[in-house]
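Below: one structure, written as structure tokens.
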Amino acid sequence: MPRLLLIEDDPSVREGVELGLRRRGHEVRAAETGEAGLAALKTFQPELVLLDLMLPGINGVQVCRRIRETSQLPIIMLTARGDDFDVVVGLEAGADDYIVKPARTEVIEARIRAVLRRLSDPGRPGLEFHGELALDRAGLTAAKSGERLALAPSELKLLLHLSAHAEQVFSRQQLLESVWEHSYHGDARLVDACVRRLRNKIEDVAGSPRYIQTVRGFGYRFGPLR
């Protein structure tokens, strides 16, 4: 079972989530502040982070940004409000998914498994090239102009999914179901935020994308390159 770092300041939520995940066999380290969580990253070396947005001191968005400066470790945000502006900010900061509190342990575990599957689902094997992009589906890596790209799990899975079906248009809901494994009526903000982050990393000019193109009124597609 994966090692999980839980960063949550509410004692009741922290203890409840930690106990529930431990009962399901997970190794869990809990921290009550952003500072403690960042310190635990170095000593505990988790495989995934569950991160509360509303933390004292360094807040969850700041913690997410600091993690992304050096690591593409999977991050799931915990938030008390699904329509909160902070959710969008957190997704832009690099979170892979989010869960609205309170949430049952089985829901949290399902999201954890979905995020981690993005790291072990290479699709068809082989190295392929799209313009300056080189995608290694077996090795789960991507490079641009010979330099490896640092992509979060959701960004990599989205890129691999779209590029495997070049020129096919996918709605946001289709991408939520295929990439995030969310059921019907998922949150399209996950897709839009991930697309923006991905464009900033793979496009020469994010505002004039060659790879991840918007099809207005429908969704997104990969290519054709112009």
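The values are calculated or read from the model by the stated rules, or taken from the named source; none is laboratory data. Because the structure is a prediction, the values reported are computed rather than measured. Don't worry about glycine lacking a Cβ; one is built from the backbone with ideal geometry, like all the others, and counts go over all protein chains shown. Remember, those area values only see protein heavy atoms, side chains included, never the ligands or the DNA or RNA. Shrake-Rupley method; radii C 1.70, N 1.55, O 1.52, S 1.80 Å.
Quick notes
- Magnitude of the charge dipole, the chain, Cβ model with Lys/Arg +1 and Asp/Glu -1, debye to 20: 520
- Shape category assigned to the range 1-68 from the gyration tensor of Cα positions, a/c cut at 1.5: oblate
- Taking the 1.4 Å solvent-accessible surface of the chain as the whole, the part contributed by carbon and sulfur is 50%.
- Inter-probe distance in nm under a simple model that places probes 7 Å from Cα toward Cβ, at PHE218 and ARG81: 3.7
- Near ILE212, once Lys and Arg are set to +1 and Asp and Glu to -1 for all other residues with Cβ below 12 Å from its Cβ, the sum equals +3.
- Paramagnetic reach from SER145 in the range 196-226 [backbone N under 14 Å; point 7 Å along Cα→Cβ]: 201-206
- Net charge, ALA30 excluded, C-beta distance under 9 Å - Lys, Arg +1, Asp, Glu -1: -2
- 23 Å Cα-Cα reach of LYS144 towards lysines, excluding residues that sit fewer than 8 places from it in its own chain: LYS157, LYS201
- Using 0.36 nm per residue and subtracting the Cα-Cα separation, the extra length available between ARG113 and VAL100 on full extension is 3.0 nm.
- Most mobile of PRO74, PRO56, PRO11 in a GNM of the chain (Cα contacts under 10 Å): PRO11
- Normalised per residue, the accessible area of the range 14-162 is 46 Å², obtained with a 1.4 Å probe and no contribution from ligands, DNA or RNA.
- Cα gyration tensor shape for the range 8-122, rounded if a/c is under 1.5, else prolate or oblate: rounded
- Within a Gaussian network of the chain (alpha carbon springs, distance under 10 Å), most fluctuating of LEU127, LEU158, LEU55: LEU127
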